[in-house]
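Have a look at the structure below, then the notes.
The values are calculated or read from the model by the stated rules, or taken from the named source; none is laboratory data. Computed from a predicted model, the values in this text were never measured in an experiment. Cβ coordinates were reconstructed from backbone atoms using ideal geometry, including for glycine residues, and neighbour counts include every protein chain displayed. These accessible areas exclude ligands, DNA and RNA; they are computed on the full protein's heavy atoms, side chains included. Shrake-Rupley method; radii C 1.70, N 1.55, O 1.52, S 1.80 Å.
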Amino acid sequence: MVDSKNLKGKRMSNQKLQKVILKTDYSRRFPDPLNNLLEDEPYSIEHNVLLCKAIDIPSGISKKPNPREQRIDWGIYKKVQESLEASEDLSFHLKNKGITILAHKVKYSEDKKVATVYLGENDGIADGAHTYEIILDSQSNDDCPDGQYVKFEILTGIPSSMMVDITGGLNTAVQVQESSLANLEGKFEWIKETIKDMPYRDKIAFKQNERKDFDIRDIIAFLTLFNVENKELKGKHPKEAYTSKGACLNLYRNDQASFEMLKPILKDILYLHDYIHIKSREKYNEKGGKAGGMKGVFESRKRKPFKFIFMGEENKFRLFGGSLYPIFGALRFLVEKKNGDAHYSWKPGSFDKVKAFFDRVAADMLQTTYNTSLIYGRKPNPIGKDANHWDNLYKTVALEYLNTRQRT
């Protein structure tokens, strides 16, 4: 009979473990109270609390569990750095909550002055990564006082099923976006896989504080517009795509499977986003209109043009969000799930036909949008919240589609 405990130990010993050496003046190890709650498969969680001189903290500690990028140039973090570098006030360890590490194991030297921390593939700093980067920055600038300490809490024996919840719970000083945690859970892997060969693949932020052209929440909002089978969206206009990206993310987390049904047309939807921005103006002017007078519908830049990364183009005009989303969302009428299919597809049969369809209705949709803007004093935000406006555009698309089918 195979000894499961020994087998588990062998697997762990075969891992490539990163060793981190922490010099510590004060240390304490104690078990977690959860360890005594289960009889069949008890936990073996341990806490290791260390006080280490900031100047001795080594570089290169993994930040794999941390769900956001570090931005130490923000105001709140500049104050943390000022506190660290204040040689006349050596109470940094009392003002800062320190650094939490998830680890495989910790070994101490005989005098307990050195802790060797062993990190597995997914271990590392779960909380306090900003503090860590601030310390390294101060060290590199020779501004880190010798007498400042930082507290480390190293957790070992944490079940993998608890890691994401622990990371989310710890990161509360600057609110961790739900999207960052969802990314950590691997919930956006299908999106990454779908766009991996596209030139814009690295221009979408999946972690908090990444400076990219779009946030993953934007992408989820776009997909919300076209998720026609989602139980919470079915039969209503998905205004939350414009009004609340957080609500869209909740919809995604509650029913990810319905969003994944959009995979075959995901890249089309992203392209269509840019296509509407650019072509709505062109098509309106082609029919004798003057889009230049549509204040409150379009915004413009005289010097630096707007980038449309999904089409790979630039333009000095784009629709305001309140103008764009109802137009964009109305095109969900063109999405269907055929009987027997596991995914969504375009009713017209191809994305080229979808673009051609939009070219025919663009001028009418834009005129309707402008008329609605006049009701609100040419302010774009109320347009995106007007339920009647969403309904009118949706009916415009539906009527044109039905008329097209009758003609063909």
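Quick one: accessible surface of Y108, probe radius 1.4 Å, all protein chains present, in square angstrom to the nearest 10.
50 Å²
Quote the accessible area belonging to M365 in square angstrom, nearest 10, computed with a 1.4 Å probe and with ligands, DNA and RNA left uncounted.
0 Å²
If you build a Gaussian network model of the chain, linking Cα atoms that sit under 10 Å apart, which residue out of R201, R301, R378 swings the most?
Among R201, R301, R378, the largest GNM mean-square fluctuation belongs to R301.
Connecting C-alpha atoms closer than 10 Å in a GNM of the chain, tell me which of N141, N381, N96 has the biggest fluctuation.
For the chain, modelled as a Gaussian network with Cα springs under 10 Å, the answer is N141.
Between segment 243-283 and segment 124-145, how far is it from one alpha carbon centroid to the other, in angstrom?
Taking the Cα centre of each part, segment 243-283 and segment 124-145 sit 39 Å apart.
If every alpha-carbon in the chain counts as one equal scatterer, what log10 I(q)/I(0) does Debye give at q = 0.06, 0.10, 0.14 1/Å?
Once normalised to I(0) and log-transformed, intensities are -0.36, -0.81, -1.16.
At 222 nm, what value in deg cm²/dmol follows for the chain if DSSP H runs of at least 4 each add -39500 (n - 2.57) and the sum is divided by all its residues, to the nearest 500?
Working: 16 runs with 172 residues, N = 408.
Here the helix-only value at 222 nm equals -12500 deg cm²/dmol.
Once each part is reduced to its C-alpha centroid, what is the distance from segment 284-310 to segment 321-374 in angstrom?
19 Å
Compute the distribution of all C-alpha to C-alpha distances in segment 320-408, in bins of 5 Å from 0, and list the percent of pairs in each, rounded to whole numbers.
Bins of 5 Å from zero give 3, 14, 24, 21, 16, 12, 7, 3, 1, 0 percent of pairs.
Take the Cα pairs of segment 258-365, get the Kirkwood Rh, then feed it into Stokes-Einstein at 10 °C and 1.306 mPa s and tell me D in µm²/s. All intermediate terms of the calculation are to be shown ahead of the outcome.
Numbers: Rh = 14.9 Å.
For the chosen part, D equals 107 µm²/s.
Treating the angle as unsigned and between 0 and 90°, give the value, to the nearest 10°, between the Cα long axis of helix 160-170 and the longest Cα principal axis of the chain.
It is inclined by approximately 80 degrees.
Could you sort H277, H93 by their accessible area in this structure, using a 1.4 Å probe and putting the largest first?
Working: H277 15, H93 55 Å².
Ranking H277, H93 by accessible area, largest first, yields H93, H277.
What part of the accessible area of the chain, given as a whole %, is carbon or sulfur when the probe is 1.4 angstrom? Show your work: numbers first, answer last.
Details: 9890 of 21150 Å².
Carbon and sulfur together cover 47 percent of it.
Which whole-number value in Å² is the accessible area per residue of segment 217-270, probe 1.4 Å? Write down the numbers at each step before the final one.
Details: 2110 Å² over 54 residues.
Dividing the accessible area of segment 217-270 by its residue count gives 39 Å².
With every protein chain present, what is the per residue accessible area of segment 81-120 (1.4 Å probe, Å²)? Mind dumping the intermediate values first?
Numbers: 2070 Å² over 40 residues.
Heavy-atom SASA per residue in segment 81-120 reads 52 Å².
Angle between the Cα long axis of helix 245-254 and the longest principal axis of the chain, 0 to 90 degrees, nearest 10?
Approximately 70 degrees, to the nearest ten.
Hey, if you put +1 on the Cβ of every Lys and Arg and -1 on every Asp and Glu Cβ in the chain, which of L262, M198, G329 ends up farthest toward the positive end of that dipole?
Looking along the dipole axis, the top candidate is G329.
Can you tell me how much longer the chain between K64 and E299 gets when fully stretched, taken as 0.36 nm per residue apart minus their C-alpha distance, in nm with one decimal? Walk me through the numbers before you get to the answer.
Details: separation 235, 0.36 × 235 = 84.60 nm, distance 4.00 nm.
Length gained between K64 and E299: 80.6 nm.
Note down the net charge around F30, summing +1 for each Lys or Arg and -1 for each Asp or Glu among other residues with Cβ under 12 Å from its Cβ. Spell out each step's value before the answer.
On the way: positive: R28, R29; negative: D32, E46, E153.
Overall, the nearby charge balance is -1.
Over 31 Å between C-alpha atoms is what I'm after, so list which of K192/K379; K207/K239; K231/K347; K19/K97; K307/K338 land there.
On the way: K192/K379 36 Å; K207/K239 25 Å; K231/K347 20 Å; K19/K97 24 Å; K307/K338 35 Å.
With Cα atoms farther than 31 Å apart: K192/K379; K307/K338.
What do you get for the angle between helix 216-226 and the principal long axis of the chain? Use alpha-carbon atoms, 0 to 90 degrees, nearest ten.
Taking the Cα atoms of the chain, the angle to 216-226 is about 40 degrees.
Might you tell me the accessible area per residue for segment 285-408, computed with a 1.4 Å probe and given in Å²?
Value for segment 285-408: 54 Å² per residue.
Pick from R217, R281, R28: which residue has the top mean-square fluctuation in a GNM of the chain where Cα pairs under 10 Å get a spring?
R28
If only Cα atoms are counted, what is the Rg of segment 240-287, and what is its Dmax, in Å?
14.7, 44
Work through the residues other than W190 whose Cβ is under 15 Å from its Cβ and net out their charges, Lys, Arg +1 and Asp, Glu -1. Walk me through the numbers before you get to the answer.
Working: positive: K187, K192, K196, R201, R253, K263, K267; negative: E185, E189, E193, D197, D255, E260.
Surrounding charge for W190 is +1.
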